[in-house]
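Working notes, structure below.
The values are calculated or read from the model by the stated rules, or taken from the named source; none is laboratory data. Note that the structure is predicted; figures quoted are calculated from it, not measured. Please note: Cβ atoms are built from the backbone with ideal geometry, for glycine as well, and neighbour counts cover all protein chains shown.
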């Protein structure tokens, strides 16, 4: 695979700029939360195919791409980036997101702190997005956010990873409807928590199902990128692949 990947560090496409939110609409804001860990030692599971410098470049590129996509998403009102890393916080400011310094170790502790910040600011829902999603776009994020309806609470919408085990996107309304439990088989844990809370549970597919944890994932990401280029060459740049539309399955 050529290095760096073509999508690493390149902002994802957006169909148009996000309009300013309208406080008079009465809709409680939807806040995206993007957790980013310490850059030192990031993506260590890719150590068999990438050296430390390449893994660092990949991680920063993925963070840039994810934050930019969330900021451009029309249905997202604010983007919070929770991280212990000064470089990532500066990147968040550059891209128009609000950085939060993570003071407690652990992904779930950071997410709880960011969720509490969102709730204190009046959020009616949160959408949690990890950064290791190479096919992330503003359209893909909006497709998940589109499951949110003001008269349908509590709601939990999940994009599992391609193995059906991890959680690649998690929409929760209201924000404290369930506890976050990332790590291990988190998709199963989040689905169980949603059922226990009596929430409407929606399981989604689409481009966010691919994450980058293993060398095989890197190959799939490159294949997906090349397929998108072929589709655009045939149909023209205005045509978008159907993969940007999530397929909802309402399971409760």
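Condition check: within 18 Å of the chain's Cα centre (by Cα), at pLDDT 85 or above, surrounded by 15 or more Cβ atoms within 10 Å (Cβ to Cβ) and within 14 Å of residue 136 (Cα to Cα). Does residue 221 satisfy that? No. Please determine whether any residue of segment 42-51 is surrounded by 15 or more Cβ atoms within 10 Å (Cβ to Cβ), modelled with pLDDT of 90 or more and within 20 Å of residue 90 (Cα to Cα). For segment 42-51, residues surrounded by 15 or more Cβ atoms within 10 Å (Cβ to Cβ), modelled with pLDDT of 90 or more and within 20 Å of residue 90 (Cα to Cα): absent. Only one entry in 235, 194, 187 is modelled with pLDDT of 85 or more and over 25 Å from residue 62 (Cα atoms), namely 194. Only one of the numbered conditions (1) under 19 Å from the mean Cα position of the chain (by Cα); (2) at pLDDT below 75; (3) closer than 30 Å to residue 148 by Cα is not met by residue 33, and that is (2). Taking residue 203 as the residue in question, decide whether it is surrounded by fewer than 22 Cβ atoms within 10 Å (Cβ to Cβ), in a strand (DSSP E or B) and in contact with a helix residue (DSSP H, G or I) (Cβ under 9 Å, 6 or more places away or on another chain). So residue 203 fits the description; yes. Among the residues of segment 172-196, those that are in a helix (DSSP H, G or I) and without any contact (Cβ under 8 Å) to a residue 40 or more places away in the chain comprise 186, 187, 188, 189, 190, 192, 193, 196. The listed residues are 213, 179, and the only one of them that is closer than 18 Å to residue 129 by Cα, modelled with pLDDT under 90 and surrounded by 14 or more Cβ atoms within 10 Å (Cβ to Cβ) turns out to be 213. Look at (1) within 19 Å of residue 139 (Cα to Cα); (2) touching a residue at least 60 places away in the same chain (Cβ under 8 Å); (3) outside any helix (DSSP H, G or I) and you find that residue 69 fails only one, number (3).
So that you can scan it fast, the table gives a plain yes or no per residue for (1) more than 30 Å from residue 218 (Cβ to Cβ); (2) over 12 Å from the mean Cα position of the chain (by Cα); (3) assigned to a loop (DSSP other than H, G, I, E, B):
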residue: 75; (1), (2), (3): no, yes, yes
residue: 90; (1), (2), (3): no, yes, no
residue: 153; (1), (2), (3): yes, yes, yes
residue: 164; (1), (2), (3): no, yes, yes
residue: 170; (1), (2), (3): no, no, no
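Across segment 72-101, the qualifying residues are those that are in contact (Cβ under 8 Å) with a residue 60 or more places away in the chain and touching a strand residue (DSSP E or B) at 6+ places or on another chain (Cβ under 8 Å), and the one among them that is nearest to residue 148 (Cα to Cα) is 75.
Given the condition in contact with a helix residue (DSSP H, G or I) (Cβ under 9 Å, 6 or more places away or on another chain), over 28 Å from residue 203 (Cβ atoms), free of Cβ contacts under 8 Å to residues at least 60 places away in the same chain and in a helix (DSSP H, G or I), answer yes or no: does some residue in segment 104-115 qualify? Scanning segment 104-115 turns up no residue that is in contact with a helix residue (DSSP H, G or I) (Cβ under 9 Å, 6 or more places away or on another chain), over 28 Å from residue 203 (Cβ atoms), free of Cβ contacts under 8 Å to residues at least 60 places away in the same chain and in a helix (DSSP H, G or I).
A quick yes/no check of all residues on (1) crowded, with 21+ Cβ neighbours inside 10 Å; (2) in a helix (DSSP H, G or I); (3) modelled with pLDDT of 95 or more:
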{"site": "117", "(1), (2), (3)": "no, yes, yes"}
{"site": "126", "(1), (2), (3)": "yes, no, yes"}
{"site": "134", "(1), (2), (3)": "yes, no, no"}
{"site": "156", "(1), (2), (3)": "yes, no, yes"}
{"site": "159", "(1), (2), (3)": "yes, no, yes"}
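Restricting attention to segment 203-217, which residues are closer than 14 Å to residue 164 by Cα and free of Cβ contacts under 8 Å to residues at least 60 places away in the same chain? Scanning segment 203-217 gives 203, 205, 209. Filtering segment 36-55 to residues that are free of Cβ contacts under 8 Å to residues at least 40 places away in the same chain and either in contact with a strand residue (DSSP E or B) (Cβ under 6 Å, 6 or more places away or on another chain) or within 19 Å of residue 99 (Cβ to Cβ) (or both) leaves 40, 42.
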